[in-house]
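Every number in this text was worked out from the coordinates using simple rules, so none of it is lab data. Please read these numbers as outputs of a predicted model, since none were measured by experiment. Virtual Cβ from ideal backbone geometry, glycine too; neighbours counted across all protein chains shown.
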Amino acid sequence: MKSFYTRFLLIAFVTAVSFFSAGPMSTPVNAKSPRVVEITAKRFGFSPDTVTLKKDETVVLRLKSEDVTHGFFLRALKLDEDISPDSPTDITVTPTTAGTFTTICDHFCGANHGNMKMTIVVE
Amino acid sequence: MKPDRRSFMKIAGTSLGIGVLYSAVPAAALTGEAGEMFSFLGKRNGEKVTPFSFVQLSDAHVGFNGPPDPLGTKAFERAVEMVNALPQRPDLVLFTGDLTHDTEDKDVHAQRMKQFKEISSRMNVPLIKCVPGEHDAGLDHSGLYREFFGETYYSFDHRGMHFVALDNVSQGKPKVGAEQLDWLKKDLARFPKSAPIVVFTHRPLFDLKPDWEWFTSDGDEVMNVLVPYENVTVLYGHIHRDDTHEEGHVHHYAAKSLIFAFPDPAKVADKKPIPFDKDQPFKNLGIRQVQANAKGSTSTSSIAISDIELTAREFLGINGVHQILKDPSL
Ligand SMILES: [Cu+2]
């Protein structure tokens, strides 16, 4: 009897946890639309060269290029995009770790490509 | 390590002041699986498995001229002289990318490729094999490179060793891509798992320093294809310094550059070349030379400066070719 009761409580608890954690995600109607952060790539730098994000805040990074195709690579946040001069690339990110990260252009774009980078700070 | 196991094939390497020489060494008294392996390779290639040596050169950046190296192609030309001065002629030179420095002027870039070919053709070796670096092939997705050097990825056999050239630069990104991965799987499928395989490519196939673009984004997928093979050595360039890395049983070795050196990313925050030293113009530059030697001893040469020694370890046929890199300064 006792073990049945314990198991029942456990199931109830798990259900409650999943209900609450699913809650915010299943009600996007109430969620604010995410902040849009624009980043422009131009040989051989990004503007701005530092962007500050909040931990656990979902933002849209709008990536634009003013000249050729650039890359936008950051292993820690699993970002690996190309930025075409034809149209902006939107990526939605929710950083879960605080820290200072270096994002590089990883699409070869000419003479100073090897040092084309920017900083993303997550606080 | 105690040689309590039967030898199969060894690779030993010596770093010269300006490069590295590797030796591929089939051991004597080959029986059992190792013997079968060699007779398989012998039949396939129509040639006996015999000791041989090969040299790795990297990152000549022909056309580069700037403060980190105002001497242009001098180190490259010296490397050519050193290869020609080796007491034992190497069978093969592998060039792991950035043969030329990039420029948006197609004619100038073609001129640099021509100059690379002219200098490298002075080497008294039967075979020179190249892969592109991003400075050769990143801007035009290897269009010009292919006109001068042919395919950017391919494979060939040499005296019992299977060589695979991989291209992780031509898509503009540090990437091998699905098409090449498919090709690699097919290329290797015909080999037994114990076949000795040397992969040569430009960028590291692992995350050495992603912030400095020292990685290949799908390198893990390449390694997944390679790992079932027991005797894999990966040689690469790009980072302009020595590096050794072991993951699973696969060994990765980087060769120094022939133009300028990068510092140790663990010690320096910024990716800036080490400044030119006019008193020691070839300091920190390198040629990687590999030598095959029937007795398994490391090659010596009058020009050898052994800042790195790659020594062979005895191994069982099924374990494959294992190597340990010994740094004598330690
Ligand atoms: Cu770029």
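Computed from point charges on the beta carbon alone (+1 for Lys and Arg, -1 for Asp and Glu), the dipole magnitude for the range A:35-122 about its Cα centre is near 280 Debye.
Positive contributions from Lys and Arg (+1) and negative ones from Asp and Glu (-1), summed over other residues with Cβ under 14 Å from the Cβ of B:GLU77, come out at +1. Residue-wise HN-Hα couplings along the range A:77-93, as the Karplus relation 6.51 cos²θ - 1.76 cosθ + 1.60 with θ = phi - 60° gives them from phi, are 9, 6, 9, 8, 10, 9, 10, 8, x, 6, 8, x, 10, 9, 10, 9, 10 Hz; Gly and Pro carry x.
Kindly identify the range B:69-144 as rounded, prolate or oblate by the Cα gyration tensor criterion: order the square roots of the eigenvalues as a ≥ b ≥ c, call it rounded if a/c is under 1.5, otherwise compare a/b with b/c, prolate if a/b is larger, else oblate.
It comes out prolate by the Cα gyration axes.
Hey, for a label at B:GLU151 modelled as a point 7 Å past Cα toward Cβ, could you say which residues of the range B:173-213 have their backbone N under 11 Å away? Those under the cut-off are B:183-184, B:187. Just want the answer: with Cβ charges of +1 for Lys and Arg and -1 for Asp and Glu, which residue in B:LEU226, B:GLY248, B:GLY150 is farthest toward the dipole's positive end in the range B:141-259? My answer, from the dipole projection, is B:GLY150.
The loop-placed trypsin sites (Lys or Arg not before Pro) in the range B:167-217, going by DSSP, that have at most 15 neighbouring Cβ atoms within 10 Å of their Cβ come out as B:ARG190, B:LYS193. A cut-off of 5 Å between modelled amide H atoms, ignoring neighbours fewer than 5 places along the same chain, links B:CYS130 with B:PHE95. Contact order for the range B:52-287, expressed relative to its length and based on alpha carbon pairs under 8 Å spaced 6+ residues apart, stands at 21 percent.
Between the DSSP loop rule and a limit of at most 16 other Cβ atoms within 10 Å, which GluC sites (Glu not before Pro) in the range B:74-142 are left?
Qualifying residues, ordered by number: B:GLU104.
Within the shell of other residues whose beta carbon sits under 12 angstrom from the beta carbon of B:ASP140, the net charge comes to -4, with Lys and Arg scored +1 and Asp and Glu -1. Taking the fewest neighbouring Cβ atoms within 10 Å as the starting point, the ordered list for B:TRP183, B:TRP214 is B:TRP183, B:TRP214.
Kindly provide the trypsin sites (Lys or Arg not before Pro) of the range B:63-122 that DSSP labels as loop, not H, G, I, E or B, and whose Cβ sees at most 14 other Cβ atoms within 10 Å.
Sites meeting the loop and neighbour criteria: B:ARG122.
Other residues within the sphere of radius under 13 Å centred on the Cβ of A:THR102, judged by their own Cβ, net out at -1 (K and R +1, D and E -1). The H on the amide N of A:THR119, modeled in the peptide plane, is under 5 Å from the matching H of A:THR50, A:VAL51, A:THR103, each at least 5 residues off or on a different chain. Rounded to the nearest 20, the size of the Cβ-charge dipole of the range B:52-287 about its Cα centre is 640 debye, with Lys and Arg at +1 and Asp and Glu at -1.
For B:VAL131, B:VAL222, B:VAL268, B:VAL199, what ranking results if the residue with the fewest other Cβ atoms within 10 Å of its Cβ goes first?
Ranked by crowding around the Cβ, least crowded first: B:VAL268, B:VAL222, B:VAL199, B:VAL131.
In percent, rounded to a whole number, the relative contact order of the range B:74-138 is 49, using alpha-carbon pairs under 8 Å and six or more apart. Taking a ≥ b ≥ c as the square roots of the eigenvalues of the alpha carbon gyration tensor, the range B:52-287 is rounded, as a/c is under 1.5. As a proxy for reagent exposure, B:ILE259, B:ILE119 were ordered by neighbouring Cβ count within 10 angstrom, fewest first; the result is B:ILE119, B:ILE259. DSSP assigns beta bridges within the range B:52-287; of those with both partners inside it, close to 40 percent run antiparallel. In terms of the Cα gyration tensor, with a ≥ b ≥ c the square roots of its eigenvalues, is the range A:35-122 rounded because a/c is under 1.5, prolate because a/b exceeds b/c, or oblate? Here the range A:35-122 falls in the prolate category.
Placing dummy labels 7 Å off each Cα toward the beta-carbon, the span from B:LYS117 to A:LYS55 is 5.8 nm.
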